[in-house]
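Accompanying notes for the structure given below.
The values are calculated or read from the model by the stated rules, or taken from the named source; none is laboratory data. Keep in mind that this is a model prediction, so the values were computed, not measured. Because the Cβ atoms are built from the backbone with ideal geometry, glycine has one as well, and the counts that use them run over all protein chains shown.
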Amino acid sequence: MRIVLKSTLSEETTHKVMRVLARMLALAMMLAPTPGMRAQAADVIRLAVQKTGTFAWELATIREAGLDKEADLSLEVTELASPEAGKIALRAGNADIMLSDWLWVSRERALGAKLTFYPYSSALGAVMVPASSPIKTLADLRGRKLAVSGGPIDKSWLLLQARMKQDGIDLKSDATIVYGAPPLIAAKALEGEMDATLNFWNFCAQLEAKGFRRLAGIEEILPKLGVKGAVSAVGYVFDESWAASHRDAVARFLAMTRKAKQLLVTSDAAWDRIAPLTGATDPTMLKTYRDRYRDGIPRRTINDEEADARVLYRVLAEIGGRDLVGPAAELDPGTFYHAAPGD
């Protein structure tokens, strides 16, 4: 017996259904991966970020402008309370990138940890005095009370001492020195308890916005110590082997951060968007933050940065000793990250 199944659809309806099915099949073929191709997720980079630091400003700008998506990167951010916590996270393998200085990187390399550094900012601290202060030059600090942030082996403090010794002034004995945390020193300065303060650049910006005078920025004394230009004190720090196995992602990360910095250079509106993160209490303070941040954006080649860092390392090693630099008398050759040969 032969059974014939007949469609209940009209011929016109059947043609319409076939046309729809054909379109669906064509679309499926277009979306299907071809041999040798696969769908790829964005590369993940884990960042250890100090919650109140300027890196948070940059990351907010990156996300606001969609620069992370443009770079095909997924940024996983862990907010930490201090730079030391970031160092622990990096060394423990819980973060890929953090901010620190090349001095620490060189010291760690001498001790066996192959970290490497790429410039983030050359913004440095300054000696600040009240607007009405009779102190006019660094030599006038003799006999005065100077508050220093970061402790006895703070790099800016050591560089200031080295510069003053060239003029026969030993600030450690010729002035009254007190040490303290950066926020505390800034607060004490506003209360008039100090004749002068040496603090990190963002706290100096706060004082500047409140009418204090910059007696001297640390960047201004560096030429007397033998450097040829602005030296980035702070940079992105990551493991050398991780960078080697993620070279393309690192290149995209660095290009992305350069775009963010350029946006912060050219757009005041970008600063308005991150204003809550800066802690600025008024437009004057925000403008001071903006101007000082822009001044500190690196604009030199890696080779030039590294050459000047070598000069400063010798100065710091001489005055700070092993407590500061560890066992190495010279900057470790691999301290600065060269993204490509000849950088």
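Report yes if Phe238 is in the same structural domain as Gly93 (by TED's automatic domain parsing) and under 18 Å from Gln50 (Cβ atoms), otherwise no. Before the answer, list the steps.
Numbers: in the same structural domain as Gly93 (by TED's automatic domain parsing): yes; under 18 Å from Gln50 (Cβ atoms): yes.
Spelling it out, Phe238 is indeed in the same structural domain as Gly93 (by TED's automatic domain parsing) and under 18 Å from Gln50 (Cβ atoms).
Please list, ordered by residue number, the helices (runs of 4 or more DSSP H) wholly in the stretch 232-343 having 1 or more residues that are over 30 Å from Leu160 (Cα atoms).
240-245, 247-266, 268-278, 283-295
Residues in the stretch 213-235 that are buried (at least 22 other Cβ atoms within 10 Å of the Cβ) and in contact with a Leu (Cβ under 9 Å, 6 or more places away or on another chain): how many? Explain how you work it out, then say what you get.
If we filter the stretch 213-235 for residues that are buried (at least 22 other Cβ atoms within 10 Å of the Cβ), which is where we start, we get 218-219, 222, 230-235.
So of that shortlist, the ones also in contact with a Leu (Cβ under 9 Å, 6 or more places away or on another chain) come out as 218-219, 222, 230-231, 233-235.
Residues in the stretch 213-235 being buried (at least 22 other Cβ atoms within 10 Å of the Cβ) and in contact with a Leu (Cβ under 9 Å, 6 or more places away or on another chain): 8 in total.
How many of the residues in the stretch 189-231 are part of a strand (DSSP E or B) and polar (S, T, N, Q)? I'd like the intermediate steps shown before the answer.
Taking the stretch 189-231 as the starting set, the residues that turn out to be part of a strand (DSSP E or B) are 196-199, 213-217.
Keeping just the survivors that are polar (S, T, N, Q) gives 197, 199.
Here the count works out to 2.
Of the residues in the stretch 138-161, how many are part of a strand (DSSP E or B) and under 24 Å from the mean Cα position of the chain (by Cα)?
Of the residues in the stretch 138-161, the ones part of a strand (DSSP E or B) are 145-149.
From the residues that got through so far, the ones that are under 24 Å from the mean Cα position of the chain (by Cα) too are 148-149.
The number of residues fulfilling the criteria is 2.
Within the stretch 98-119, work out how many residues are surrounded by fewer than 24 Cβ atoms within 10 Å (Cβ to Cβ) and either among the charged types (D, E, K, R) or within 17 Å of Ala56 (Cα to Cα) (or both).
Of the residues in the stretch 98-119, 7 are surrounded by fewer than 24 Cβ atoms within 10 Å (Cβ to Cβ) and either among the charged types (D, E, K, R) or within 17 Å of Ala56 (Cα to Cα) (or both).
Might you let me know whether the stretch 73-84 holds any residue that is surrounded by 22 or more Cβ atoms within 10 Å (Cβ to Cβ) and not in a strand (DSSP E or B)?
no
Go through (1) without any contact (Cβ under 8 Å) to a residue 12 or more places away in the chain; (2) part of a helix (DSSP H, G or I) and name the single condition Ala186 misses.
With respect to (1) without any contact (Cβ under 8 Å) to a residue 12 or more places away in the chain; (2) part of a helix (DSSP H, G or I), Ala186 is out only on (1).
If Lys172 satisfies all but one of (1) surrounded by 22 or more Cβ atoms within 10 Å (Cβ to Cβ); (2) out of contact with any helix residue (DSSP H, G or I) (no Cβ under 6 Å at 6 or more places or on another chain); (3) part of a helix (DSSP H, G or I), what's the number of the condition it fails?
Here Lys172 clears every test but (1).
It is to be established whether one or more residues within the stretch 110-126 are at pLDDT below 95 and out of contact with any Gly (no Cβ under 8 Å at 6 or more places or on another chain).
yes
Which one of the conditions (1) surrounded by fewer than 17 Cβ atoms within 10 Å (Cβ to Cβ); (2) in contact with a helix residue (DSSP H, G or I) (Cβ under 9 Å, 6 or more places away or on another chain); (3) more than 24 Å from Met164 (Cβ to Cβ) does Lys210 fail to meet, given that it meets all the rest?
Exception for Lys210: condition (1).
For the stretch 30-56, give me each residue that is more than 21 Å from Ala249 (Cα to Cα) and either touching a Gly at 6+ places or on another chain (Cβ under 8 Å) or modelled with pLDDT of 95 or more (or both).
Those that are more than 21 Å from Ala249 (Cα to Cα) and either touching a Gly at 6+ places or on another chain (Cβ under 8 Å) or modelled with pLDDT of 95 or more (or both): Gln50, Thr52.
Residues checked against (1) assigned by TED's automatic domain parsing to the domain that holds Asp291; (2) modelled with pLDDT under 95; (3) more than 30 Å from the chain's Cα centre (by Cα); (4) of a type in the set (Asp, Glu):
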| position | (1), (2), (3), (4) |
| --- | --- |
| Arg163 | no, no, no, no |
| Ile169 | no, no, yes, no |
| Asp174 | no, no, yes, yes |
| Ile177 | no, no, no, no |
| Gly180 | no, yes, no, no |
| Pro183 | no, yes, no, no |
| Thr197 | no, no, no, no |
| Trp201 | no, yes, no, no |
| Ala205 | no, yes, no, no |
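Examine the stretch 286-302 for a residue that is buried (at least 17 other Cβ atoms within 10 Å of the Cβ) and without any contact (Cβ under 8 Å) to a residue 24 or more places away in the chain, and state whether such a residue exists.
Looking through the stretch 286-302, at least one residue is buried (at least 17 other Cβ atoms within 10 Å of the Cβ) and without any contact (Cβ under 8 Å) to a residue 24 or more places away in the chain.
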